[in-house]
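Asker: Structure incoming, see below.
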Amino acid sequence: MRKTMIALLTLSAMVSCGKITSTETLAEIAVRAVNCIETKGYVTGESLQDSGVPRDIHLSAYNTTLAQPYFLDMTFKNPAGDSWTNHNGDVHTPLYWPQDSRLSFLAYSAGTSAPKAAWSLSGNTSRVVLDVTPESLQDDILFAVADDCTSELSPISLDFRHSQAWIEFQISAPISEITSFLGVTINNVRTSGILTITDNYGLATSSWDFSSSMPSNHLLTPDWSAISSPSSSVSLSILLPQQPCCSFTFHFKINGVDRAFPCDLSGSEYWYSSVHYTYKANVIGGEVSGFTKSSAEGDDISCHISTTEQNWD
């Protein structure tokens with residue numbers, strides 16, 4: 001009902017004194033996603049797909065010509081697989097361009113975690129603040145801006161960016177050894193926080209605030225039931241807020257005994273948003289090397305770790 005009323009008010013604002021503009025002569029506001037590359041099952045390409053379905057885009061617009069908000073937190077959907085348009089639930093509810101005006105857009109997209117959002121529209125410094133919880137550790141939160149747009153440019157291109165760092169652990173071992181891997185603990189890590197997305201004069205920026213959250217140890221474990229055939233490797237991934245790098249600990253069961261191998265990432269500084277970090281551990285026989293030794297003796301396993309990082313975009 002709220003969105004229907006806003007749409008009606010938006011349309012009535014297009015009616016001037018003594019002159020009525022037909023909706024047939026108006027251009028519908030539509031957007032499309034660009035430059036959002038494949039991110040291993042989180043979001044795929046320009047279709048902005050999550051598990052094979054185009055995601056919703058939460059969109060606000062500011063009328064830069066009149067220096068006032070135009071609409072706030074509308075849900076744009078893409079059921080046909082082409083461009084995103086406003087919907088009230090599953091009902092297509094068009095929003096139209098204001099005549100002789102320019103619009104600036106601020107957008108974010110999240111999956112099932114659905115963080116709470118608070119919007120503030122003020123032209124080139126508009127922002128949305130998201131309360132991000134641990135439910136978003138597997139949810140790629142994206143954001144974009146597009147400034148000073150006209151109807152001739154529709155559908156408007158939204159250049160989405162990733163707000164989190166993608167941390168991936170790849171474990172390799174002989175098939176007979178791989179099931180000895182129990183998981184990895186990320187130590188004293190921030191898994192929640194306040195994410196502020198800002199239209200900084202046409203540049204989309206993001207920042208994290210952890211003043212209301214506490215760090216914790218977070219354990220990632222392999223789901224062996226999801227592996228359909230024997231494999232000599234397993235991969236664990238998590239999406240984290242931008243923050244200083246944390247140490248982590250690999251867990252194995254060796255000869256029936258739980259063993260822990262810590263890694264302190266010496267020389268590393270930050271896990272940055274929109275960067276994919278890969279930590280590869282190669283498990284072989286012999287003495288332990290590459291990690292700090294656990295306090296237990298008699299381990300018959302050795303782990304060598306290597307690190308790579310690359311931009312998502």
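The values are calculated or read from the model by the stated rules, or taken from the named source; none is laboratory data. These figures come from a predicted structure and were not determined experimentally. Every residue, glycine among them, receives a Cβ derived from its backbone with ideal geometry; neighbour counts consider all protein chains shown. Accessible surface is based on the protein model in full, side chains and every heavy atom, while ligands, DNA and RNA are left aside. Shrake-Rupley method; radii C 1.70, N 1.55, O 1.52, S 1.80 Å.
Asker: To the nearest 20 debye, what charge dipole does the range 55-117 have about its Cα centre, counting +1 at the Cβ of each Lys and Arg and -1 at the Cβ of each Asp and Glu? Working shown, then result.
Answerer: Numbers: 4 positive and 5 negative charges, 31 e Å.
Dipole magnitude for the range 55-117 comes out near 140 debye.
Asker: Still on this structure: So what's the net charge close to ASN63: Lys and Arg +1, Asp and Glu -1, counting the other residues with Cβ under 13 Å from its Cβ?
Answerer: Numbers: positive: ARG102; negative: ASP100, ASP147, ASP148.
Neighbourhood net charge equals -2.
Asker: Taking N as the number of residues in the range 215-282, what is its alpha-carbon radius of gyration divided by 2.2 N^0.38 Å?
Answerer: 1.30
Asker: Using amide H atoms built 1.01 Å from N in the peptide plane, name the residues 5+ places from THR64, or on other chains, whose amide H lies under 5 Å from its own.
Answerer: Result for THR64 returns ARG102, LEU103, SER104.
Asker: Another question about this same structure. Sorted from largest down, what three extents in whole angstroms do the Cα atoms of the range 84-216 have along their principal axes?
Answerer: 68, 35, 27
Asker: Oh, and also: Considering only protein heavy atoms and a 1.4 Å probe, what is the carbon-and-sulfur percentage of the accessible area of the range 189-278?
Answerer: Values: 2160 of 4400 Å².
Summing carbon and sulfur atoms, their accessible area is 49 percent of the total for the range 189-278.
Asker: Can I ask one more? Probe radius 1.4 Å, ligands and nucleic acids ignored: give me the carbon and sulfur share of the accessible area of the range 78-123 as a rounded percent.
Answerer: Values: 960 of 2110 Å².
The value for the range 78-123 is 46 percent carbon and sulfur by accessible area.
Asker: Could you give the C-alpha radius of gyration of the range 180-254 expressed as a fraction of 2.2 N^0.38 Å, taking N as the number of residues it contains?
Answerer: Values: Rg = 17.0 Å, N = 75, 2.2 N^0.38 = 11.3 Å.
With N residues counted in the range 180-254, Rg over 2.2 N^0.38 Å equals 1.50.
Asker: Compute the signed sum of charges (Lys and Arg +1, Asp and Glu -1) over the other residues within less than 11 Å, Cβ to Cβ, of VAL129. Before the final figure, lay out each step's value.
Answerer: On the way: positive: LYS116, ARG127; negative: ASP131, ASP209.
Here the count lands on 0.
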